[in-house]
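Some notes on the structure that comes next.
The values are calculated or read from the model by the stated rules, or taken from the named source; none is laboratory data. From a predicted model like this one, the values you see are computed outputs, not experimental measurements. Note that each Cβ is placed from the backbone with ideal geometry, even for glycine, and that neighbours are counted across all protein chains shown.
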Amino acid sequence: GEDVEQSLFLSVREGDSSVINCTYTDSSSTYLYWYKQEPGAGLQLLTYIFSNMDMKQDQRLTVLLNKKDKHLSLRIADTQTGDSAIYFCAETPTGKLIFGQGTTLQVKP
Amino acid sequence: DAGVTQSPTHLIKTRGQQVTLRCSPKSGHDTVSWYQQALGQGPQFIFQYYEEEERQRGNFPDRFSGHQFPNYSSELNVNALLLGDSALYLCASRPRGLDTEAFFGQGTRLTVV
């Protein structure tokens, strides 16, 4: 089946690292994605990882993929107030995006 | 490059009415998908178009229909609106076969009263 689960809320202090977790069910996804949504806005593609990779780093963002456990995480280093948003992970087993319900990241100054 | 553009940005309709939402894909993109995002939820896939045909469809009733034009732009039509159709409707475009480049528009906020 197709299902993506995320925790709903994460609160961190400015300057700390944030880790947002996601589990998915369909192991046939070629890519897994992280999107960011700010209030009243569309979705911004943050990063993605190919399914045969374990890790991908892109500036402050690190994506870890555990295929065995079907677990995906997004680490944001040195979290800033501008990182406050809703973060969605998504799988794409058949060309369509299947999203989790989103994790609200609150960054306190 | 204007990216993915959607119109209108906001819309208020009455139950039972019909609505048409529009999307222009990013330059170079020929595949357009539509998603419905209810308040507090993740986006749900409605359908996908390329070569002017519906290629995939999510779990949405026939009241939801679409169209793609030769210039790759697309419309989403919803008939017999229900209160539960109130949501943010998002359009995403990508080059066909390139899963990594799915870009989203800002969305159309539809309110059904």
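From the list A:Pro109, A:Pro39, the lone residue that is loosely packed, with under 13 Cβ neighbours inside 10 Å, within 13 Å of chain B (Cβ to nearest Cβ) and more than 13 Å from the chain's Cα centre (by Cα) is A:Pro39.
Of the residues making up segment B:75-91, those that are under 17 Å from B:Gln37 (Cβ atoms), surrounded by 14 or more Cβ atoms within 10 Å (Cβ to Cβ) and away from every other protein chain (no Cβ under 12 Å) are B:Leu76, B:Val78, B:Leu81, B:Asp85, B:Ser86, B:Ala87.
Scan segment A:21-36 for residues that are within 13 Å of another protein chain (Cβ to nearest Cβ) and either aliphatic (A, V, I, L, M) or out of contact with any Pro (no Cβ under 6 Å at 6 or more places or on another chain) (or both) and report the count. Outline the logic, then answer.
Looking only at segment A:21-36, we keep the residues that are within 13 Å of another protein chain (Cβ to nearest Cβ), and these are A:22, A:24, A:28-36.
After this cut, where a residue has to be either aliphatic (A, V, I, L, M) or out of contact with any Pro (no Cβ under 6 Å at 6 or more places or on another chain) (or both) as well, the list is A:22, A:24, A:30-36.
Here the count works out to 9.
Taking the criterion of being within 20 Å of B:Asp99 (Cα to Cα) and more than 14 Å from every other protein chain (Cβ to nearest Cβ), the only residue of segment A:74-106 that qualifies is A:Leu74.
In segment B:1-46, which strands (runs of 3 or more DSSP E) lie fully inside it and hold 1 or more residues that are at positive phi and touching a residue at least 60 places away in the same chain (Cβ under 8 Å)?
none
If you go through segment A:52-106 and keep only what is of a type in the set (S, T, N, Q), buried (at least 20 other Cβ atoms within 10 Å of the Cβ) and under 13 Å from A:Tyr35 (Cβ atoms), you end up with A:Thr92, A:Thr103. So for segment B:21-32 (the condition being among the hydroxyl-bearing types (Ser, Thr, Tyr), farther than 25 Å from A:Thr30 by Cβ, surrounded by fewer than 18 Cβ atoms within 10 Å (Cβ to Cβ) and modelled with pLDDT of 95 or more), does at least one residue qualify? The answer is no; no qualifying residue exists. Evaluating A:Pro39 against the criteria (1) closer than 22 Å to A:Asp78 by Cβ; (2) assigned to a loop (DSSP other than H, G, I, E, B) leaves one unmet condition, (1).
Please return the ranges of strands (runs of 3 or more DSSP E) entirely within segment A:42-107 where 2 or more residues are touching a residue at least 24 places away in the same chain (Cβ under 8 Å) and either under 20 Å from A:Val12 (Cα atoms) or of a type in the set (Gly, Ala, Ser) (or both).
Details: elements: A:43-50, A:55-58, A:61-66, A:71-76, A:85-91.
So the answer is A:61-66, A:71-76, A:85-91.
Among the residues of segment B:96-113, is any more than 12 Å from chain A (Cβ to nearest Cβ), part of a strand (DSSP E or B) and either buried (at least 21 other Cβ atoms within 10 Å of the Cβ) or within 10 Å of the chain's Cα centre (by Cα) (or both)?
Taking segment B:96-113 and keeping what is more than 12 Å from chain A (Cβ to nearest Cβ), we get B:110-113.
Imposing the further condition that a residue be part of a strand (DSSP E or B) reduces the set to B:110-112.
Remaining after also requiring either buried (at least 21 other Cβ atoms within 10 Å of the Cβ) or within 10 Å of the chain's Cα centre (by Cα) (or both): B:110.
Yes; the residues of segment B:96-113 include at least one that is more than 12 Å from chain A (Cβ to nearest Cβ), part of a strand (DSSP E or B) and either buried (at least 21 other Cβ atoms within 10 Å of the Cβ) or within 10 Å of the chain's Cα centre (by Cα) (or both).
In the set (1) farther than 22 Å from B:Gly97 by Cβ; (2) out of contact with any strand residue (DSSP E or B) (no Cβ under 7 Å at 6 or more places or on another chain); (3) more than 13 Å from chain B (Cβ to nearest Cβ); (4) of a type outside the set (Val, Ile, Thr), A:Ser18 fails one condition alone, (2).
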